[in-house]
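The values are calculated or read from the model by the stated rules, or taken from the named source; none is laboratory data. Since the model is a prediction, treat every value here as computed from it, not as a measurement. FYI the Cβ positions are ideal-geometry reconstructions off the backbone, even for glycines, and counts take in every protein chain you see. We work out accessible area using only protein heavy atoms, side chains counted, and drop any ligands, DNA or RNA first. Shrake-Rupley method; radii C 1.70, N 1.55, O 1.52, S 1.80 Å.
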Amino acid sequence: MLIHSDACERNKAPILGVLATALAGCRRVLEIGSGTGQHAVYFAAHLPHLQWLPSELRENLPPLAERIRLEGGANLHAPIALDVREVPWPVAAVDAVVSANTLHIMDWPAVEAFFAGVGAVLAPSGVLCVYGPFRYGGEFTSASNAEFDRTLRARDPASGIRDFEALARLAAAQGLVFDADHAMPAHNRTLVWRRPSG
Ligand SMILES: C[S@@+](CC[C@H](N)C(=O)[O-])C[C@H]1O[C@@H](n2cnc3c(N)ncnc32)[C@H](O)[C@@H]1O
């Protein structure tokens, strides 16, 4: 049976609104932590100029692969097994990396590996888009995000909502230039970085 995320159904249209502009000049897009595949199916269908490459941890691949087999169009590739901690990532260079709701799930070494991996696979002029909740200046942006963070840490003390400034340092270390911070519904953000043209 396909797994389903209500959150994906709520956030996919607002995220698409950002991606449509941010990825306008891109062709090959790698998605990290594709989850249920609802985002991949929706984004690939609405952005037909892209080749969409979904990925997941090996143990979470089967339901993702099933959704893509059933619902995917011609520009949506079969998902690959990709754990950000395992280098090198099994993909050739891409024009963009997109990831939603993953950095607060990964532990900090995995977040560091995420940015190192992005740095390794992103082509010149490439784009990184990261969606989720973030903290700024050490503060949550809402009481609901603070509560969400407590829930995450109770389940896994190594997880938790990440500080924008710490992510910005990791991105800068990969030579990425901060481009935009889009406010999204439900106190989420979409952060965009770009690799200079060379
Ligand atoms: C909260 S889910 C988000 C799924 C989907 N992107 C969404 O927005 O619904 C977090 C995802 O991150 C993936 N993930 C966790 N650790 C990972 C890692 N080390 N490498 C790649 N993906 C990872 C999980 O398998 C999971 O699918």
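So which residues in the range 118-156 are within 15 Å of the ligand (Cβ to nearest atom), loosely packed, with under 15 Cβ neighbours inside 10 Å and not hydroxyl-bearing (Ser, Thr, Tyr)?
Selection gives 120, 153, 155, 156.
Of the numbered conditions (1) in a helix (DSSP H, G or I); (2) touching a His at 6+ places or on another chain (Cβ under 7 Å), residue 52 satisfies every one except a single condition; which is it?
Only one criterion in (1) in a helix (DSSP H, G or I); (2) touching a His at 6+ places or on another chain (Cβ under 7 Å) is unmet by residue 52, namely (1).
If a residue counts only when it is of a type in the set (Ser, Thr, Tyr) and under 14 Å from the mean Cα position of the chain (by Cα), which strands (runs of 3 or more DSSP E) contained entirely in the range 98-198 have at least 1 such residues?
122-132, 188-194
Name the residue that is modelled with the lowest pLDDT, counting only residues in the range 1-45 that are more than 16 Å from the ligand (Cβ to nearest atom) and open to solvent by 60 Å² or more (accessible area, probe 1.4 Å).
1
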